[in-house]
Amino acid sequence: MGYGEGPHNSGGGGFSNRAVEYNCHDFRFTQKGNVVYAIAMDWPAVDRSFLIRSLSLKGMLASGGIASVSLLGRKEPLVWKLTGDGLQIVKPDRRPCDGPCVFKITMRGIAIEKFDAQRIDGGLVKLDLTVRNLESQKSTSGSPSLSTARRARP
């Protein structure tokens, strides 16, 4: 399954026979550990920056936000900021490659890996969380502070 954002959908899980003209608003994503790789399907010809709407202050999944943003194939640091509209990355002077470009976005803080809510006897709801500290590779689960029962509202 592929994940992405933007105005163009290739259909067929990306294995369609029809040609798709992507633009700089089309991104595809993959993730490993605390790093999200955002693949920009095209380079902005006019826009001065990239805007990744999936990563915004409104919808961040990691509590600590974003630690760093880099562009694969480029050693110089990028100028970026996280806003309510999304992650805005100022376009570098030179494009690092001819094809799609890949941004490496390192997250920090904690992320929820698993969240289960189960209604139990007496109107209680049991919450079972698994969280991961993004600065380490360890997950935490089953701790009394992470598993609790609360009365459900009628």
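The values are calculated or read from the model by the stated rules, or taken from the named source; none is laboratory data. Note that the structure is a prediction, hence the values are computed from the model and not measured. For neighbour counting, all protein chains shown are included, and Cβ atoms are generated from backbone atoms with ideal geometry for every residue, glycine included.
Please work out which residue is modelled with the highest pLDDT, limiting yourself to segment 61-71 and to residues that are assigned to a loop (DSSP other than H, G, I, E, B) and under 12 Å from the mean Cα position of the chain (by Cα). Full working, then the answer.
From segment 61-71, those assigned to a loop (DSSP other than H, G, I, E, B) are 61, 63-65; that's our starting set.
Still in the list and also under 12 Å from the mean Cα position of the chain (by Cα): 61, 65.
On the way: L61: 55, G65: 80.
In this case the residue turns out to be G65.
Consider L71 against the criteria (1) out of contact with any strand residue (DSSP E or B) (no Cβ under 8 Å at 6 or more places or on another chain); (2) of a type in the set (A, V, I, L, M); (3) surrounded by 12 or more Cβ atoms within 10 Å (Cβ to Cβ): it satisfies all of them except one. Which criterion is unmet? It fails just one condition, (1).
For segment 36-60, residues that are at pLDDT 90 or above and of a type in the set (K, R) total 1. For segment 82-94, a residue qualifies if it is surrounded by 14 or more Cβ atoms within 10 Å (Cβ to Cβ) and either outside the structural domain of V69 (by TED's automatic domain parsing) or modelled with pLDDT of 90 or more (or both), and the qualifying residues are L87, Q88, I89, K91, P92.
Looking at segment 4-14, is at least one residue of a type in the set (G, A, S), farther than 26 Å from N133 by Cβ, assigned to a strand (DSSP E or B) and at pLDDT below 80?
Let us first name the residues in segment 4-14 that are of a type in the set (G, A, S), namely 4, 6, 10-14.
If we keep only those that are farther than 26 Å from N133 by Cβ too, we end up with 4, 6, 10-14.
From what is left, the residues that are assigned to a strand (DSSP E or B) are 4.
Retained after the next criterion (residues that are at pLDDT below 80): 4.
So far as segment 4-14 goes, yes, one or more of its residues are of a type in the set (G, A, S), farther than 26 Å from N133 by Cβ, assigned to a strand (DSSP E or B) and at pLDDT below 80.
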